[in-house]
Amino acid sequence: MGFIGFLGDAAEQLRLHYPALLHGYQVTILLTAVSMALALVLGAVVALARTAEWRWLRVASGSYVELFRNTPLLIQLYFWFFALPKLPPLDLPYLGTFHWLLSSEQAAVLGLTLYTGAYTAEALRSGLRSIDAGQTEAARAVGLTYMQTRLYVVAPQAIRIAVPLLTSILSALFRNSALVSVIGVIDLLAAADRIQQSNFQTFELFGVAGVLYLSLTLPLAWASGGLERRVARAR
C-alpha cells in the first residue's frame, strides 16, 4: 500500500506541476543537444590533432583531453560561471571591451561542451586508430593530400566505428547536465527542487524527475548496445 500510495502521490505531483517540470525537461534536452553538437565538432578537431603527424599538435590536444577528463565537471562549471568573470576585461581593437561575464546558460553550455568534447575526442581517436594503415597509404598513393586522406577516407570510417561510444557519451552528457542547476540553470532537477521546497513532496518530485531522466537514458543505452553489436558484425 505504501508503494502504491507513493505512485499515486507522484502522479498527482506530475499532474499539478507538469508545466514547470516539462519546461525543465525541455531545458535539459536543449542543453544536451546543443552541447553534444558542439562537443562533436570539438572532439573531431581534437581527435585529428591527437593523431596528426606534428608533435606539437599531439601534445596540445593531449593536454586538453587530460585536463578536462581528469577534473570534476562541477569544478569546471563553477570556474566558467564564478571565476571567469574575475578576469580583467580585454580591450580589442575595433571591437571594444570584451568582458568575461557569462550567463548561467552560456556557462553551462561551455562547461558541458569542453568536458564532453574531451571524451568525444578519445572515442573518435579510437576509431581513427582502428583504421588499417594500408588505406591511408593507398589514398596517398593515388594523390590525395594528408588532410584529404584524413577527411574523406579515414574520418567517415572512424565515425561509424565510434557511434556506439558516442551514443554512450550522449547518455552520460544527459545525466551530467543535472549539475548545471548549481549555477542557476532551471533544468529538470532545478525545477523539481524548486517545487519540493514549497510543498515538501521531496520523494515524489525527485521520483518523477528520475523517471523523466530514465525516459531518455534507457533508450540511449539500448541503442548503444544495438549499434555496438551491429558494428561488430560489420567488421
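Count Lys and Arg as plus one, Asp and Glu as minus one, and take only other residues whose Cβ is under 15 Å from that of LEU151; the net charge is then +2. Using the Stokes-Einstein relation with a Kirkwood hydrodynamic radius computed over Cα pairs, the translational diffusion coefficient of segment 124-235 at 25 °C and a viscosity of 0.890 mPa s comes to 143 µm²/s. In this simple spin-label approximation, GLU53 and GLN157 carry label points 7 Å from Cα along the Cα→Cβ vector, and these lie 1.9 nm apart.
Given in Å, the Rg to one decimal and the Dmax to the nearest whole number for the Cα atoms of the chain are 21.8, 74. Were the residues from ARG175 through GLN106 laid out at 0.36 nm apart, the gain over their Cα-Cα distance would be 23.0 nm. In the chain the longest region clear of chymotrypsin sites (Phe, Trp or Tyr not before Pro) that are loop-assigned by DSSP and have at most 11 other C-beta atoms within 10 Å covers 95-199. Across segment 20-43, the residues whose backbone nitrogen lies under 19 Å from the label position 7 Å along the beta-carbon direction of SER198 are 20-27.
At 15 angstrom or more along the helix axis (alpha-carbon based) and mean Kyte-Doolittle of -1.0 or higher, what helices does the chain contain? Whole DSSP H runs only.
Numbers: long enough: 2-50 (56 Å, 1.18); 55-69 (21 Å, -0.04); 104-130 (39 Å, 0.16); 155-176 (28 Å, 0.97); 188-199 (17 Å, -0.15); 202-234 (47 Å, 0.75).
Span-like helices in the chain: 2-50, 55-69, 104-130, 155-176, 188-199, 202-234.
Starting from the Cα coordinates of segment 36-102, work out the convex hull volume and express it per residue in Å³.
Working: hull volume 9.5 nm³, N = 67.
Cα-based convex hull of segment 36-102, divided per residue, equals 141 Å³.
Can you tell me the length gained on complete extension of the stretch ALA37 to LYS86, counting 0.36 nm per residue apart and subtracting the Cα distance? Walk me through the numbers on the way to the answer.
Details: separation 49, 0.36 × 49 = 17.64 nm, distance 2.86 nm.
This chain segment gains 14.8 nm when fully extended.
Read-outs: derived from the displayed coordinates by stated rules, not from any lab. Worth saying up front: this structure is predicted, and the values here are computed from it rather than measured. Note that each Cβ is placed from the backbone with ideal geometry, even for glycine, and that neighbours are counted across all protein chains shown.
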